[in-house]
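For reference, the structure is listed below as structure tokens.
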Amino acid sequence: MISYEKLFTLMKQQGKNTTHIRTEKIISQDTLGKLRKGTGIIDEGRDPNNILPNGKQAKKIRITAVDTKSIESLCTWLNCQPSDIMEVIPNTWDNADRLCEIFKCSREELPKRVPMEDGE
């Protein structure tokens with residue numbers, strides 16, 4: 001997964017916040033939500049276009065992603081490089097404790113949040 005904890009730390013150091021992102025139209029609200037969650041994670045929601053026979057909406061699962069244009073906009077706004085705002089944390093069981101800390105979940109719940117490589 002890609003963690004954007006460094007982005008929010010850098011923003012705080014520069015006296016900027018998510019309100020500035022919205023008012024200055026740096027990136028979209030949807031992209032901001034992805035940055036808060038991290039990218040490369042499993043995002044479950046309801047699919048309004050797929051109604052099941054029982055009348056309920058089917059689950060829609062997608063892997064979140066942030067486009068490079070958004071990364072460029074943030075780096076220009078903060079006068080930094082991509083490595084200053086993001087960090088790759090491989091989805092391996094060696095990193096499970098760190099990923100669980102980020103997602104605030106147990107090791108058992110982790111595969112529901114991020115696709116994990118097999119083996120431990």
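Observations, loosely collected:
- Taking a straight line from the alpha carbon of Lys112, these lysines sit under 26 Å away, with near neighbours fewer than eight places off in the same chain left out: Lys6, Lys34, Lys37, Lys56, Lys59, Lys60, Lys104.
- Long-range HN-HN contacts of Thr64 with modeled amide H, under 5 Å: Gly40, Ile41, Asp43
- The packing ranking of peptides 6-13, 23-30, highest mean first, is 6-13, 23-30, where packing means the average number of other beta carbon atoms within 10 angstrom of each residue.
- Rounded accessible area of Val66 (nearest 10 Å², 1.4 Å probe): 30
- Accessible area in the full protein assembly, largest first, 1.4 Å probe, for Thr19, Thr31: Thr19, Thr31
- Computed over protein heavy atoms with a 1.4 angstrom probe, the accessible surface ordering of Lys37, Lys56, Lys104, largest first, is Lys104, Lys56, Lys37.
- Cβ-Cβ FRET estimate between Lys104 and Gln13, R0 fixed at 30 Å, reported to 0.05: 0.80
The values are calculated or read from the model by the stated rules, or taken from the named source; none is laboratory data. Everything numeric in this text was worked out from a predicted model, so none of it was measured. Glycine also receives a Cβ, built like all others from the backbone with ideal geometry; neighbour counts cover every protein chain displayed. The area values use the complete protein model at the heavy-atom level, side chains included, leaving out ligands, DNA and RNA. Shrake-Rupley method; radii C 1.70, N 1.55, O 1.52, S 1.80 Å.
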